[in-house]
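The values are calculated or read from the model by the stated rules, or taken from the named source; none is laboratory data. Treat the numbers as computed from the prediction; the structure is a model and nothing was measured. Cβ coordinates were reconstructed from backbone atoms using ideal geometry, including for glycine residues, and neighbour counts include every protein chain displayed. Calculation scope for accessible area: heavy atoms of the full protein, side chains included, ligands and nucleic acids excluded. Shrake-Rupley method; radii C 1.70, N 1.55, O 1.52, S 1.80 Å.
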Amino acid sequence: QVQLVESGGGLVQTGGSLRLSCAASRSIFGFRVMGWYRQTPGKQRELVATISSGGITNYTDSVKGRFTISRDNAKNTVSLQMNSLKPEDTAVYYCNAVAGIFSHWGQGTQVTVSS
């Protein structure tokens, strides 16, 4: 079992930046994929970005060129640098870690982008 704790959310104006961090309670070395998802009320949770254990990244089209995902196996963290934020980026952001058939989730952090 692993616990994931997100931090770094908050309120920012359009065009601003935030950096989200996800701290794992144990080594993330064995997690095949880690990523960030987001959810707004009444909508399904959607993928934002993922990073594999080998460093391969994947982004949803709407954040390409603005967001950067990274992982630090030594510090057991995965981060999401978000630049040029837009009001449509407003959501609760969740950290996710996949190992084998198990998928682990954090409790989420709110990101609000004001227009």
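Structural remarks
- Estimated dipole of the range 44-89 in Debye, rounded to 20 [Cβ of Lys and Arg +1, of Asp and Glu -1, Cα centre]: 120 debye
- Spatially proximal lysines relative to residue 43 (Cα-Cα < 28 Å; intrachain offsets below 8 disregarded): 64, 86
- For the range 83-100, 3J(HN,Hα) per residue [Karplus equation, 6.51 cos²θ - 1.76 cosθ + 1.60, θ = phi - 60°, Hz, x = Gly/Pro]: 10, 6, 5, 10, x, 6, 7, 4, 4, 8, 9, 10, 8, 9, 9, 10, 9, x
- In order along the range 18-30, the Karplus-derived 3J(HN,Hα) couplings, from 6.51 cos²θ - 1.76 cosθ + 1.60 at θ = phi - 60°, round to 9, 10, 8, 10, 10, 9, 9, 7, 8, 4, 9, 4, x Hz, and Gly and Pro are given as x.
- Given +1 at the Cβ of Lys and Arg, -1 at the Cβ of Asp and Glu and no other charges, the dipole of the chain around its Cα centre is 140 debye to the nearest 20.
- Backbone N within the range 1-37 under 19 Å of label point (7 Å from residue 115 Cα along the Cβ vector): 11-17
- Taking only protein heavy atoms and a 1.4 Å probe, the accessible area of the chain is 50% carbon and sulfur.
- Remark on residue 76: its backbone amide H falls under 5 Å from those of 28, a criterion applied only to residues 5 or more positions apart or on other chains, H modelled at 1.01 Å from N.
- Rounded to the nearest whole Hz, the Karplus-based 3J(HN,Hα) values (6.51 cos²θ - 1.76 cosθ + 1.60, θ = phi - 60°) of the range 106-111 follow the sequence x, 8, x, 9, 7, 10, with x at glycine and proline.
- Amide proton proximity set for residue 85, modelled H, under 5 Å, gap of 5+: 15, 16
- For the chain, the solvent-accessible area works out to 54 Å² per residue, with a probe of 1.4 Å and every protein chain left in place.
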